[in-house]
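A.B. asks: First the structure, which I've put down as structure tokens, then a few questions once you've had a look.
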Amino acid sequence: MNRHDGDMERTFAALPPARGRGFAQTWWGQAWLKSLEDTALDSAQLKSGRRLARAGAVGAVSVRPGRLTAVVQDRDRTAHRADVLLAELSSEQWDHFLDMTVERAGHVAALLDREMPPHLVEDAAAAGVELLPGLGDLEPKCDCDAWDHCGHTAALCYQVARLLDQDPFVLMLMRGRDEAALLDALQTRGGGSPAESSGPEGVDAAEAYAAGDILPPLPDLPALPDVPGVPPSLDTETPPAPGIDPAALEFLAARTAVQAHRLLAEALRGASEAELTLTQDAVRLAAGDPGREVADRLADGSGRGPEALEAAVRAWHLGGTAALAVLDEEWQVEGETLARARAALESAWDTDERPELRASGNRWTVVGVPVQLRLGRDGRWWPYVEEGGRWMPAGGAAQDPATALTTADPAAGDGSAPEGAPLRQ
């Protein structure tokens, strides 16, 4: 944090080019861009700004209360100073915001995690505080003498969307409070005297210290083995009991050892995972490359059949249970989730580069190309390709739909698919 003459200011180094990705991955970054795009009267200037920002033409960005500033270079290397103004919140508005925030511990935790959940913004609005800019709130000023948003101020706004993704305190600074001042104010408002505390009665420190050596210390946790254990071989001269398949049993024991090793690793690092269903566990086992006979039994037992199990195994390798859910479940995208999905699709490409997409539920198919994007319930995009009349997983998840589409088919991701048509819903 740099301070000049009592003013708060942060300066961010120039970001690298943003080719092949959207400018905003978070919903608040997308809301910032929506304010810009709803305000600008000339869509050609917005397009020019996106191109300049993608090319890395925006220099270091200075952020201070009420103003953004950066030097933006045209394609001919002519430099322009671009400023974008945003009204600061009044002292009364900040008081309302601080009072509202300390009443809800989750709001403070979210800010400390560099997140801005929708309910924080909604609660702030209910208290009369609009954190995110609305229509006409981003006022442009540029030495190119444009009277509206020009390519230079638009490029600055697109670049700031990337900064907001990383740290919502950038928005707070624009609204008039830096991170340190905001957190100090929250701590002051949230602090209470011990007499006011309603928590359980504590133990005298001297008593606790004196009893510290009564019990022996806990032993250290065991080290994680480098590899899973190897089950004993069942290849003996004794014939198996009726109905027992030694090969299948050996495979099951080996996969159980792998699963136990994974669960132990998660426990040692404090992670946990929901218990698998029977059908999910069948896919996990099939992903262990069993023999043909065991694979056929897993296909029958899971109710998928060989071809569907092959697709499920591919999904498992790409993303475990989350990828399986996207493979199996088609759901209707509605409300705020639909608005975020549309915003992500609109901002992922320039208008003349965007492929034409036909939507059905949570699946967007590229018109004329056997490629599809599927939206998971966690907001990530998964690429699919059509193989032999079936949609098959084609890559891991991405927050940006353009990145996911490029993973599935580079030709579709770089705009060689049909251009210029609007997105359908």
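A.B. asks: Hey, could you check region 351-374 for residues that are of a type in the set (K, R) and open to solvent by less than 50 Å² (accessible area, probe 1.4 Å) and say which is farthest from L327 (Cα to Cα)? Before you say what the answer is, go through the steps one by one.
C.D. replies: If we filter region 351-374 for residues that are of a type in the set (K, R), which is where we start, we get 354, 358, 363, 374.
Restricting the remaining residues to those that are open to solvent by less than 50 Å² (accessible area, probe 1.4 Å) gives 354, 363, 374.
Numbers: R354: 25, R363: 10, R374: 9 Å.
Ranking the candidates gives R354 first.
A.B. asks: Which of (1) crowded, with 18+ Cβ neighbours inside 10 Å; (2) farther than 22 Å from Q30 by Cα does A348 not meet, given it meets every other one?
C.D. replies: (2)
A.B. asks: Turning to a different aspect of this structure: Where residues in region 286-308 are under 17 Å from L318 (Cβ atoms) and part of a helix (DSSP H, G or I), which of them is modelled with the lowest pLDDT?
C.D. replies: A286
A.B. asks: Now for a separate question. If you take the residues of region 271-285 that are open to solvent by less than 70 Å² (accessible area, probe 1.4 Å) and at pLDDT below 80, which of them is nearest to W382 (Cα to Cα)?
C.D. replies: The extreme case among them is L276.
A.B. asks: For region 1-33, give me each residue that is open to solvent by 50 Å² or more (accessible area, probe 1.4 Å), touching a Ser or Thr at 6+ places or on another chain (Cβ under 7 Å) and either modelled with pLDDT of 80 or more or not in a loop (DSSP other than H, G, I, E, B) (or both).
C.D. replies: N2, T11
A.B. asks: Quick check on this structure: which one of D137, D145 is more than 22 Å from the chain's Cα centre (by Cα) and farther than 20 Å from M174 by Cα? Don't jump to the end; show me each part of the working.
C.D. replies: Working: D137 fails: farther than 20 Å from M174 by Cα.
Of D137, D145, the one residue that is more than 22 Å from the chain's Cα centre (by Cα) and farther than 20 Å from M174 by Cα is D145.
A.B. asks: Answer yes or no as to whether L135 is part of a helix (DSSP H, G or I) and either within 23 Å of Q30 (Cα to Cα) or touching a Ser or Thr at 6+ places or on another chain (Cβ under 8 Å) (or both). Break it down into steps so the answer makes sense when it comes.
C.D. replies: Numbers: part of a helix (DSSP H, G or I): no; either within 23 Å of Q30 (Cα to Cα) or touching a Ser or Thr at 6+ places or on another chain (Cβ under 8 Å) (or both): yes.
No: the conditions fail for L135.
A.B. asks: Quick check on region 125-181: of everything there that is aromatic (F, W, Y) and touching a residue at least 24 places away in the same chain (Cβ under 8 Å), which residue is surrounded by the fewest Cβ atoms within 10 Å (Cβ to Cβ)?
C.D. replies: Just the residues of region 125-181 that are aromatic (F, W, Y), to begin with: 147, 158, 169.
Add one more test, that the residue is touching a residue at least 24 places away in the same chain (Cβ under 8 Å), and what stays is 158, 169.
Numbers: Y158: 27, F169: 21.
Among those residues, the one meeting the criterion is F169.
A.B. asks: Any idea which of V313, V333, V326 is over 14 Å from A282 (Cα atoms), among the β-branched types (V, I, T) and assigned to a helix (DSSP H, G or I)?
C.D. replies: On the way: V313 fails: over 14 Å from A282 (Cα atoms); V333 fails: assigned to a helix (DSSP H, G or I).
Unique residue meeting the criteria: V326.
A.B. asks: Okay, next question. Does any residue in region 325-353 that is in contact (Cβ under 8 Å) with a residue 24 or more places away in the chain come within less than 8 Å, Cβ to Cβ, of a residue that is of a type in the set (D, E) and open to solvent by less than 50 Å² (accessible area, probe 1.4 Å) six or more places away or on a different chain, and which pairs are these?
C.D. replies: A344/D400; A348/D400
Per-residue answers, yes or no, for (1) within 14 Å of V58 (Cβ to Cβ); (2) assigned to a loop (DSSP other than H, G, I, E, B); (3) modelled with pLDDT of 85 or more:
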{"site": "V71", "(1), (2), (3)": "yes, no, yes"}
{"site": "R75", "(1), (2), (3)": "yes, yes, yes"}
{"site": "F97", "(1), (2), (3)": "no, no, yes"}
{"site": "K141", "(1), (2), (3)": "no, no, yes"}
{"site": "D148", "(1), (2), (3)": "no, yes, yes"}
{"site": "L156", "(1), (2), (3)": "yes, no, yes"}
{"site": "Q159", "(1), (2), (3)": "yes, no, yes"}
{"site": "R162", "(1), (2), (3)": "yes, no, yes"}
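A.B. asks: Shifting gears a bit: Given the structure, is A57 in contact (Cβ under 8 Å) with a residue 24 or more places away in the chain, within 19 Å of A339 (Cα to Cα) and open to solvent by less than 30 Å² (accessible area, probe 1.4 Å)? Spell out the reasoning first.
C.D. replies: Values: in contact (Cβ under 8 Å) with a residue 24 or more places away in the chain: yes; within 19 Å of A339 (Cα to Cα): no; open to solvent by less than 30 Å² (accessible area, probe 1.4 Å): yes.
It is false that A57 is in contact (Cβ under 8 Å) with a residue 24 or more places away in the chain, within 19 Å of A339 (Cα to Cα) and open to solvent by less than 30 Å² (accessible area, probe 1.4 Å).
A.B. asks: What residue, of R292, R340, is open to solvent by 20 Å² or more (accessible area, probe 1.4 Å), under 17 Å from W382 (Cβ atoms) and of a type in the set (D, E, K, R)? Spell out how you get there, then give the answer.
C.D. replies: Values: R292 fails: under 17 Å from W382 (Cβ atoms).
Sole residue among the options that is open to solvent by 20 Å² or more (accessible area, probe 1.4 Å), under 17 Å from W382 (Cβ atoms) and of a type in the set (D, E, K, R): R340.
A.B. asks: As an exercise: evaluate L111 against (1) open to solvent by less than 50 Å² (accessible area, probe 1.4 Å); (2) in contact with a helix residue (DSSP H, G or I) (Cβ under 7 Å, 6 or more places away or on another chain) and give the number of the one condition it does not meet.
C.D. replies: (2)
A.B. asks: Here are Q73, Q45, Q93: which of them is surrounded by fewer than 21 Cβ atoms within 10 Å (Cβ to Cβ), among the polar types (S, T, N, Q) and free of Cβ contacts under 8 Å to residues at least 24 places away in the same chain? Break it down stepwise before answering.
C.D. replies: Numbers: Q45 fails: free of Cβ contacts under 8 Å to residues at least 24 places away in the same chain; Q93 fails: free of Cβ contacts under 8 Å to residues at least 24 places away in the same chain.
Unique residue meeting the criteria: Q73.
A.B. asks: May I ask you to list pairs of residues, at least six apart or on different chains, whose Cβ atoms are under 9 Å apart, with the first in region 390-406 being in contact (Cβ under 8 Å) with a residue 60 or more places away in the chain and farther than 20 Å from E307 by Cβ and the second being part of a loop (DSSP other than H, G, I, E, B) and polar (S, T, N, Q)?
C.D. replies: As it stands, the answer is Q399/Q25; Q399/T26; D400/Q25, since those pairs meet every condition given.
A.B. asks: Could you check H317 against (1) surrounded by fewer than 17 Cβ atoms within 10 Å (Cβ to Cβ); (2) under 30 Å from S43 (Cα atoms); (3) of a type outside the set (D, E) and say which number it fails?
C.D. replies: Result: H317 fails condition (2) only.
A.B. asks: A follow-up question, please. Of these, L98, L135, L111, which one is within 18 Å of R67 (Cα to Cα) and hydrophobic (A, V, I, L, M, F, W, C)?
C.D. replies: Values: L98 fails: within 18 Å of R67 (Cα to Cα); L111 fails: within 18 Å of R67 (Cα to Cα).
None of the others qualify; the one that does is L135.
The values are calculated or read from the model by the stated rules, or taken from the named source; none is laboratory data. Just so you know, these numbers come straight off a predicted model, no measurement behind them. So basically every Cβ, Gly included, is an ideal-geometry build from the backbone, and we count neighbours across all protein chains shown. Just the protein is used for accessible areas: all its heavy atoms, side chains included, with ligands, DNA and RNA removed. Shrake-Rupley method; radii C 1.70, N 1.55, O 1.52, S 1.80 Å.
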